[in-house]
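Step one of this worksheet: look at the structure below.
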Amino acid sequence: MAHLDQKTRKSPQKGGTPRISHVLGLVNVVLFVVASLALVAFVNYGMRRHSLEEARGRSQVILQRNLAVHQYFNSQLKPRLFERLGQGGSVEPAYFDPTWMSSTYAVREINRIFYDNVENNDGLYYKEAAVDARSPDNEADEYERAFLEALRQNPSLNEWSGVRVIDGKPFFEVMVRGEAMEASCLRCHLDPDRAPADLVALYGPERSFDRFEGQLVSALSVRIPLAAAYANADRFSHRLYGVIGAVFIGLFALQWFLARRFVIRPLGTIQDKVVQIVHNESRLGEQVGSFDTLELNEVAAAFNSLSTNLKQSRDTLESQVAERTEELHHTNRLLEEDIRERQAVEDALREFSEFNASVINSLHDALIVIDAQDYRILSVNEVFLSEEGCLNEKGVLGRTCHEVIHGFSSPCFNDGRDCSLVRSAAAGEKVVVENEVQTPEGTRYKEVVAVPIKAADGKIRQIIHISRDVTERKEAESRIRELAYFDALTGLPNRRLFMDRLRQSMKMAQRRGKKLAVLFVDLDRFKNINDSLGHQMGDELLTRVARLMEECTRNMDTVARLSGDEFAIILEDVEHDDSPAIFAQRILDIFTEPLWVGGHQTYSSCSTGIALFPRDAEDADTLLKNADIAMYEAKRLGRNRYHFFSEDMNGLALKRLELENGIRRALLNDEFFLCFQPQINLDTGRITCLEALVRWQDPVKGLVSPGEFIPLAEETALILAIDEWVLRTACRQCRTWRDNGNPEVKVAVNISGMQFKQPKFIDLIDRVLAETGLPSECLELELTEGHLMDNIESTIMTLTDLKVRGISLAIDDFGTGYSSLSYLKNFPIDRVKIDQSFVRRLPEDGSDKAIVEAILALARSLDLNVIAEGVETELQLDYLKTRDCLEMQGYFFSRPCRVEELAPLLAQAAPYGQYGRAAVRL
Ligand code: C2E
Ligand code: MG
Ligand code: MG
């Protein structure tokens, strides 16, 4: 603004640009001078005309007089003159020319006579000239010739006048015709000093005058110098010049005064104001006063209005500029804030990207980011580089994933392979694919997770490809799955697989109109062998029997171990209802000879029940149950025999009914009680938890184990009541323990599948916890795998509900159920309990060791705690300790005990301190 002001306020140049008033003044002066001169010239011209006329008139008079004088001279004076001359006058003889002399003398005399002032007067001279008309070549000049010509043409012409130049000087000459003049001429020279020469030149001594057209013509010529002729005019003109000049100067001064007074000064005032305003804009709005002229008043008014308007405009502009400046400041502040925010965002982004990079590089899985359009690799992590044997990113970035990972020149899906990227791109969501990869070390399994990254427009731009080597997990999984379908001891299909196959076989048989039979085989008095020879011998016997049974069957048949010493066989394509009997007999025959087990001869037998499809049942469960009933019948009849199922064998149903009633009665009569089995943490040697195990003290049958009544209770839904009772009793007991000096103790309660699926299960838990006042963190619920798998979504919800309450969740009998690892990932569980069947044969049994180790590795990878159930020996304990399994439960530490029996244990801070980690003996 200051810069602009300086420019606009620059004062007018004094040296360079002239002031217009000065210029106008100068022009004025010039115009006046020119106009004055023109006027003077015009007046002078008129005056000259007038002078010339006057001169002519006076010449006429003079000439007329001259003629009279001439006559007078000739007649009167001439004789006197000659007389005087003859008497030796002072006239020089050289110039003697009587004519001339006489004339000149006469003229002088005349002048002396008529005009006293002639001699001293520079003004008028006159002469008498005789013009020789006959000599046109006479240098008397054109003028005279013209005169003579004029005379010739106009004989009456008496006068001729004009300006004649003689010897370069202008003269005004008037010629008058003289009549009857003598042959002589009076001549009068203008300049007496030059007279002799001129006289000789013009009129030599012999010069004579002729007659003009027979008549002597004499012309009287008067030559008057122009200056003299115009003397009056010039005199007048000098005065005129003075007057006019004075007048004009006066006028000019007047107009200058008026111009200054009325125009220039007011304009100067306005100009000064303008300059002041230009130099100091705060003076904008100042006014000039009124002036004496209308026009300047209008100008002043216009200036005042302009000044006011300009001031208003400036004020408006300044306020607008101030507003705008404020706006700009505001915008600037916003921009600065914006920039700060952007900076913060950029910092956050940079931090985030560094964080991302460190997260990506801290992954144990290989990660790459791929362009969804052309499958080119955009980013990789260190694991990927090391897996691919690349030193740095350069060798990988920009290349396609199929080229780098698989060595293919075209995308994987071109060859019909299952490509996670393509599936992810198509589905627009995360896709998990398992790939089998052949390596020099053998087959490896890779779990590939493809996660699409979408742009704001929803299009998939990149795909994150995370690949994890899951070979170990797959192997463990397949092992565990094997366990789910096969009996770990004998390698025979387990109950689950058996039931599957039975259902399949029944469908096939039904379709083909064939029969099949189910044989339920139970070893007689196997418990005795177990007890006498030990579990290991028992296991060997079971394995031996299993092999023999397989030898007895056809390939199409299925031999399975259902549990303990119970086997079941499916016989396909049974021709006759009796045919299974032959096979049942073959089984019986296995035991006719003693069986050698571990160097011992064992004598055993079996009881077999046979049920036929479709005769005895329409579904697999009933068919097996009927075979079981038939087996019991065989046992009842004395063992070591087979028995076909028949409808009248509903004794079992009666038995079940009896048992069911017994349970109801037990609930009513309070015949159930709880035993608690400690769970120990070997790191501390402390009891961390106590598992509540229900017991039934039947007044008639005595102590009934859960194995006997729980399955029936589950079938009849009585388990709901049992579980609720156990839950409440266990919680109350735990609360009592905590209140009585064991503040850290927890309680684990087994929950049946049916109970877990109850819609009000969570309410029950809340209610019981509220009733007993036990903190939820002190409760652990044990659930078996099979129960969790029915409805995974609702299972997850229920588990999550429990989890958020702080309740611990354990999977009981782990390894005997589904053993699907995927659920482990999805369920919010805290720990798994390795089933005692895998612990029992540790550390001798290789396959059990492998299973236990696989479970431990799996649990570790999923960050789950593990507790081993059924630890009975120190060897088992030591083995588990070396595998870092430090939570255990089993008879080695304590059998399930009544509350009062537990008191001494709970009284100790670390009752099992001596089995700490350091105490490994292996
Ligand atoms: P579980 O939950 O796996 O309980 C462990 C079973 O193993 C108990 O048998 C326990 O006495 C036994 N045990 C513990 N340590 C050893 C050991 O070192 N060697 C051997 N051979 N066995 C050991 P129990 O009490 O007969 O219970 C059997 C099953 O009955 C339980 O298996 C559980 O599934 C079910 N059960 C027990 N109490 C309840 C209950 O209150 N509610 C429900 N729903 N089920 C229960
Ligand atoms: Mg349990
Ligand atoms: Mg268990």
Sequence order, the stretch 707-717: Karplus ³J(HN,Hα) from phi using 6.51 cos²θ - 1.76 cosθ + 1.60, θ = phi - 60°, Hz rounded, Gly and Pro as x, gives x, 7, 9, 5, x, 5, 4, 5, 5, 9, 6
At the level of C-alpha centres, the distance separating the stretch 757-831 and the stretch 334-368, in angstrom, is 39 Å
Excluding ligands, DNA and RNA, the carbon-plus-sulfur percentage of the accessible area of the stretch 317-475 with a 1.4 Å probe reads 52 percent
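Calculate, for Arg586 and Thr716, the FRET efficiency according to 1/(1 + (r/R0)^6) with r their C-beta to C-beta distance and R0 25 Å; round to the nearest 0.05. Before the final figure, lay out the partial values.
Numbers: r = 37 Å, r/R0 = 1.49.
Step by step, r from the Cβ atoms, then E = 0.10.
Can you give the FRET efficiency for Lys760 and Asp863, using 1/(1 + (r/R0)^6), R0 = 35 Å, r = Cβ-Cβ distance, to the nearest 0.05?
With a Förster radius of 35 Å, E is 0.65.
Could you report the stretch 528-596's accessible area per residue, 1.4 Å probe, as an integer in Å²? Don't skip to the end; give the middle numbers.
On the way: 3230 Å² over 69 residues.
That works out to 47 Å² per residue.
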Counting only protein heavy atoms and leaving out ligands, DNA and RNA, the solvent-accessible surface of Trp256 at a 1.4 Å probe, in Å² to the nearest 10, equals 80 Å²
Probe 1.4 Å, all chains present, heavy atoms only: Ser776 accessible area in Å², nearest 10, is 20 Å²
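Ranked highest first by average number of other Cβ atoms within 10 Å, how do 709-718, 449-458 line up? Please report the intermediate quantities before stating the final value.
Working: 709-718: 17.5, 449-458: 13.0.
Peptide ranking by packing, descending: 709-718, 449-458.
Skip the ligands, DNA and RNA, and give the accessible area per residue of the stretch 353-401 with a 1.4 Å probe, whole Å².
Values: 2760 Å² over 49 residues.
About 56 Å² of surface per residue is accessible.
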From most to least accessible, 1.4 Å probe, no ligand or DNA/RNA atoms counted, Tyr485, Tyr823 line up as Tyr485, Tyr823
The simple spin-label model distance between Arg656 and Glu393, using points 7 Å out along Cα→Cβ, in nm, is 6.7 nm
Simple SL model, points at 7 angstrom along Cα→Cβ for Gln510 and Val275; separation in nm is 12.3 nm
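May I ask you to derive the FRET efficiency for Arg695 and Glu550 from their Cβ-Cβ distance with R0 = 41 Å, giving the value to the nearest 0.05? Walk me through the intermediate numbers first.
Working: r = 39 Å, r/R0 = 0.94.
Given R0 = 41 Å and the Cβ-Cβ separation, E is 0.60.
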So the carbon and sulfur contribution to the accessible area of the stretch 592-711, 1.4 Å probe, in percent, is 51 percent
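May I have the count of lysine pairs in the stretch 706-825 with C-alpha atoms under 22 Å apart, counting pairs 8 or more residues apart or located on different chains? It would help to have the intermediate numbers written out before the result.
Working: Lys746/Lys803; Lys757/Lys803; Lys757/Lys825; Lys760/Lys803; Lys803/Lys825.
Lysine pairs, 8 or more places apart or on different chains, close enough: 5.
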Given 588-594, 471-477, 461-467, 343-349, the highest-first ranking by average Cβ count within 10 Å works out to 461-467, 471-477, 588-594, 343-349
Pseudo-spin-label distance Ser563 to Asn826, built 7 Å along Cα→Cβ, given in nm, is 2.8 nm
Note to self: with every protein chain in place and a 1.4 Å probe, the stretch 713-756 gives an accessible area per residue in Å² of 38 Å²
Taking protein heavy atoms only, a 1.4 Å probe, and rounding to whole percent, the accessible area of the stretch 804-867 owed to carbon and sulfur comes out at 42 percent
Here the relative contact order (percent) of the stretch 481-622, from C-alpha pairs under 8 Å and at least 6 apart, is 34 percent
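Given the pairs Lys394/Lys430; Lys394/Lys454; Lys635/Lys833; Lys474/Lys833; Lys394/Lys459, which span a C-alpha to C-alpha distance of over 30 angstrom in this model?
Details: Lys394/Lys430 28 Å; Lys394/Lys454 26 Å; Lys635/Lys833 35 Å; Lys474/Lys833 20 Å; Lys394/Lys459 28 Å.
The answer is Lys635/Lys833.
The values are calculated or read from the model by the stated rules, or taken from the named source; none is laboratory data. Quick caveat: nothing in here was measured; it's all calculated off a predicted structure. Here Cβ is always computed from backbone atoms with ideal geometry, including for glycine, and neighbour counts include all displayed protein chains. Keep in mind that these areas ignore ligands, DNA and RNA; they rest on the heavy atoms of the full protein, side chains included. Shrake-Rupley method; radii C 1.70, N 1.55, O 1.52, S 1.80 Å.
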